[in-house]
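What follows is one structure encoded as structure tokens, with my remarks underneath.
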Amino acid sequence: MADIGRYNRLQITKHTGFGLYLDGGSQGEILLPNRYIPKDQPTEVGDWLRVFLYFDSEDKVIATTLRPRVQVGQFAALKVVQINRVGLFLDWGLPKDLLLPHSEEKRPLQVGDTCVVHVYLDRHTGRITATARLDRFLDRTPARYEAGQPVELLVVERTDLGLKAIVEGQHWGLIHRNEAFKPLRPGQREQGFIREVRADGKISLTLQAPGREGADSLQRLILERLAASGGTLEVSDKSDPEQIAKLFGVSKGNFKKALGALYKQGRIRILDERIEAV
């Protein structure tokens, strides 16, 4: 059975003057227009193609080899390109924009804004639809992460405590303000690490590998940067946190710990405005 709003591997059933027809199972034959027929793979009757299925401007199921920015069941940050009485329309990389109904807005949006949405098939209309109301699609399974585990994060919004982020497309997590040592914006994807999974299931996140592994990797990075710059770097334990985050992607506290460890090992000298390799 062909899945609307997802990638499918479908078999070619016939050629026509305006494209290929693919076997869509219960969806019937599905057209792949000429402009999307790949030039670098076999396209004879009986061959198989990987295509994405969605509805065209006439609400007919159509296939494409274009790559949308999101599939049904996924989260993504998309830009608002049009607004009318029906809802907001988002650019997801296909000729027909993705609908975000007004009822699925979480906050007022304007053309040009970017928002994080979840994409689903509306059970009443059968159409591919976006929603900015994310809670009902998250935390539906227990969070079985371990402290220090690397995870993929999608930053969603700022709160009084820090930044809310989606963890591995499944759970809410929080990057506390003191852990957000570099600029982060809603819609940004980052690798992070699990700091803690609390007894109530809430997840605390960090952007740097915790423990010895993170400390060792930072020390190696500092030594590599020193070697590449001829043995001197114009940064020290007195530098601004923003400069440290820009150069090394870590907090000032973690940077100072790494410098202290390298100093004790006799591998660097720490001066007021720079460090030097020994």
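General remarks:
- Of all residues in segment 1-18, those satisfying the criterion of being open to solvent by less than 80 Å² (accessible area, probe 1.4 Å) and closer than 29 Å to Asp122 by Cα are Ala2, Asp3, Ile4, Gly5, Tyr7, Asn8, Leu10, Gln11, Ile12.
- Matching residues, segment 66-97, being more than 15 Å from Phe55 (Cα to Cα), open to solvent by 30 Å² or more (accessible area, probe 1.4 Å) and hydrophobic (A, V, I, L, M, F, W, C): Ala77, Val81, Ile83, Val86
- Search result, residues across segment 124-151 that are in contact (Cβ under 8 Å) with a residue 40 or more places away in the chain, in a strand (DSSP E or B) and under 19 Å from the mean Cα position of the chain (by Cα): Ala130, Pro150, Val151
- Filtered by the rule that a residue be open to solvent by 70 Å² or more (accessible area, probe 1.4 Å), under 22 Å from Lys96 (Cβ atoms) and over 33 Å from the mean Cα position of the chain (by Cα), segment 19-60 gives a lone residue, Glu29.
- Cβ-Cβ contacts under 6 Å between residues 6 or more apart (or on different chains), taken from a first residue in segment 98-123 that is over 20 Å from Gln74 (Cβ atoms) and open to solvent by 60 Å² or more (accessible area, probe 1.4 Å) to a second residue that is modelled with pLDDT of 95 or more and not in a strand (DSSP E or B), are absent.
- Residue within segment 219-230 that is part of a loop (DSSP other than H, G, I, E, B), open to solvent by 60 Å² or more (accessible area, probe 1.4 Å), free of Cβ contacts under 8 Å to residues at least 12 places away in the same chain and under 30 Å from Leu138 (Cα atoms) present: no
- When residues of segment 7-35 are limited to those that are in contact (Cβ under 8 Å) with a residue 24 or more places away in the chain and part of a helix (DSSP H, G or I), the one nearest to Val72 (Cα to Cα): Gln27
The values are calculated or read from the model by the stated rules, or taken from the named source; none is laboratory data. As the structure is a prediction and not an experimental result, all values here were calculated from the model. Backbone-built Cβ (ideal geometry, glycine too); neighbour counts: all protein chains shown. Keep in mind that these areas ignore ligands, DNA and RNA; they rest on the heavy atoms of the full protein, side chains included. Shrake-Rupley method; radii C 1.70, N 1.55, O 1.52, S 1.80 Å.
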